[in-house]
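The values are calculated or read from the model by the stated rules, or taken from the named source; none is laboratory data. Predicted model, so just to flag it, every value in this text is computed and none were measured. Here the Cβ positions follow ideal geometry from the backbone for every residue, glycine too, while neighbour counts run over all protein chains shown.
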Amino acid sequence: MSDLIVRSVADGVMTVRINRPEKKNALTVAMYDGLSQAIAAAEGDDAVRVLLLTGTDGVFSAGNDIMDFLQWPPFDESSPVVQFLMNLTQARKPIVAAVQGPAVGIGTTMLLHCDLVYAGAGTRFQLPFVNLGLVPEAGSSVILPAGFGYQRAAELLMLGEPFDAQTAQAAGFVTAIYPDDEVSAVAAAVAGQLAAKPPQAVRLTKALLKRATAPAVSEAIQVESGHFAALLQSPEAEEAFTAFMERRKPDFSRFV
Ligand code: COA
């Protein structure tokens, strides 16, 4: 277990904390592996009935580490990020998430696969894939239009502007909103409540809830990943990543 992904088990709940606050919990390859290992450990441990996913105080995750994007382009089925998405979407046990502060890119899209998502009132979600010369991932290109309607999903995914917890709730992927300093405790209490329920009934209910959409989501993840992998190597994405690292505005005017 790495100290960037910290996990602990108590009273039927495995708490998994993304723990890289100095980089706004941006996710590296090793951290995706850590998240996958945590999900696998939760799935394989009879003492765990619920997984509780959190960030650190005031930040959930700034999404994929942009240096990793620059240095480590492969994004095929064996890549840690795609493996993480597969583990997340195929988890049988329920996942509760507590979110506050920035939740960017995969910091937003991983929530689409959690069962109960509690957001702090000040959470800032963002899907900036297009701004980075990339495309949506984690099945967001099918889940968001289904939950939110095409045009509102297009607004979030094409303009890539930050949006608030109310918008995320309207989009269907936030269960409830609480003050930022209460949201972690609320999510932990709900996780405990869920862990006390009959586990087989909970797991089957989750499977039934996901049954109709799972094949389309899985297919979308594969198709998205193909485009994502290709675009990671594109000049547009290179300009976006370099601009982020150089703390300047990207200039896409030369691209056709
Ligand atoms: N990858 C790598 N480093 C990141 C990062 C990311 N996704 N997000 C933040 N960081 C780093 C910053 O480079 C900075 O590092 P430094 O202190 O060594 O310079 C540190 O985390 C703090 O980030 P900063 O931008 O100063 O914090 P902020 O509070 O002003 O803004 C965010 C927070 C999340 C809004 C902003 O960092 C951001 O937009 N990050 C990029 C998000 C993104 O595009 N992710 C990819 C999605 S596909």
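Just checking, how many residues over segment 230-250 are over 16 Å from Val130 (Cβ atoms) and either of a type in the set (Gly, Ala, Ser) or assigned to a helix (DSSP H, G or I) (or both)?
First, pick out the residues of segment 230-250 that are over 16 Å from Val130 (Cβ atoms): 233, 242, 245-248.
Now drop any that are not either of a type in the set (Gly, Ala, Ser) or assigned to a helix (DSSP H, G or I) (or both), which leaves 242, 245.
Within segment 230-250, residues that are over 16 Å from Val130 (Cβ atoms) and either of a type in the set (Gly, Ala, Ser) or assigned to a helix (DSSP H, G or I) (or both) number 2.
Of the conditions (1) in a loop (DSSP other than H, G, I, E, B); (2) within 12 Å of the chain's Cα centre (by Cα); (3) more than 14 Å from the ligand (Cβ to nearest atom), Ala98 fails just one. Which one is it?
Failing condition for Ala98: (1).
When you check Arg211 against the structure, is it surrounded by fewer than 14 Cβ atoms within 10 Å (Cβ to Cβ), out of contact with any strand residue (DSSP E or B) (no Cβ under 8 Å at 6 or more places or on another chain), modelled with pLDDT of 95 or more and closer than 19 Å to Asp65 by Cα, yes or no?
no
Tell me yes or no: at least one residue of segment 30-44 is touching a residue at least 12 places away in the same chain (Cβ under 8 Å), part of a loop (DSSP other than H, G, I, E, B), within 16 Å of the ligand (Cβ to nearest atom) and among the aromatic types (Phe, Trp, Tyr).
no
Considering only segment 146-172, state which residues are within 30 Å of Leu70 (Cα to Cα), under 17 Å from the mean Cα position of the chain (by Cα) and more than 16 Å from the ligand (Cβ to nearest atom).
Hit for segment 146-172 is Ala153, nothing else.
Being within 14 Å of the chain's Cα centre (by Cα) and at pLDDT 95 or above narrows it down to one of Leu4, Leu27, so name that one.
Answer to the check: Leu27.
Please go through segment 115-128 and give me each residue that is touching a residue at least 40 places away in the same chain (Cβ under 8 Å) and crowded, with 23+ Cβ neighbours inside 10 Å, ordered by number.
Selection gives Val117, Tyr118, Ala119, Gly120, Thr123, Phe125.
Does Ser253 satisfy the criteria of being small (Gly, Ala, Ser), in a loop (DSSP other than H, G, I, E, B) and either within 16 Å of the ligand (Cβ to nearest atom) or modelled with pLDDT of 95 or more (or both)?
yes
With the condition kept exactly as written, say whether any residue in segment 62-70 is under 24 Å from Ala121 (Cβ atoms), touching a residue at least 40 places away in the same chain (Cβ under 8 Å) and within 14 Å of the ligand (Cβ to nearest atom).
We begin by selecting, within segment 62-70, every residue under 24 Å from Ala121 (Cβ atoms); these are 62-63.
Of the ones still in play, those that are also touching a residue at least 40 places away in the same chain (Cβ under 8 Å) are 62-63.
Retained after the next criterion (residues that are within 14 Å of the ligand (Cβ to nearest atom)): 62-63.
Scanning segment 62-70 turns up at least one residue that is under 24 Å from Ala121 (Cβ atoms), touching a residue at least 40 places away in the same chain (Cβ under 8 Å) and within 14 Å of the ligand (Cβ to nearest atom).
Take the residues in segment 58-82 that are outside any loop (DSSP other than H, G, I, E, B), out of contact with any Phe, Trp or Tyr (no Cβ under 7 Å at 6 or more places or on another chain) and of a type outside the set (Asp, Glu), then tell me which one is farthest from Asn131 (Cα to Cα). Break it down into steps so the answer makes sense when it comes.
Step one: filter segment 58-82 for residues outside any loop (DSSP other than H, G, I, E, B), giving 59, 61, 64, 66-71, 80-82.
Still in the list and also out of contact with any Phe, Trp or Tyr (no Cβ under 7 Å at 6 or more places or on another chain): 59, 61, 64, 67-68, 71.
Adding the requirement that they be of a type outside the set (Asp, Glu) leaves 59, 61, 64, 67, 71.
Values: Val59: 21, Ser61: 18, Asn64: 14, Met67: 16, Gln71: 19 Å.
Among residues in segment 58-82 that are outside any loop (DSSP other than H, G, I, E, B), out of contact with any Phe, Trp or Tyr (no Cβ under 7 Å at 6 or more places or on another chain) and of a type outside the set (Asp, Glu), the one farthest from Asn131 (Cα to Cα) is Val59.
When segment 191-208 is examined, which residues are found to be in contact (Cβ under 8 Å) with a residue 24 or more places away in the chain, closer than 23 Å to Leu144 by Cβ and exposed (fewer than 15 other Cβ atoms within 10 Å of the Cβ)?
Answer for segment 191-208, where residues must be in contact (Cβ under 8 Å) with a residue 24 or more places away in the chain, closer than 23 Å to Leu144 by Cβ and exposed (fewer than 15 other Cβ atoms within 10 Å of the Cβ): just Ala207.
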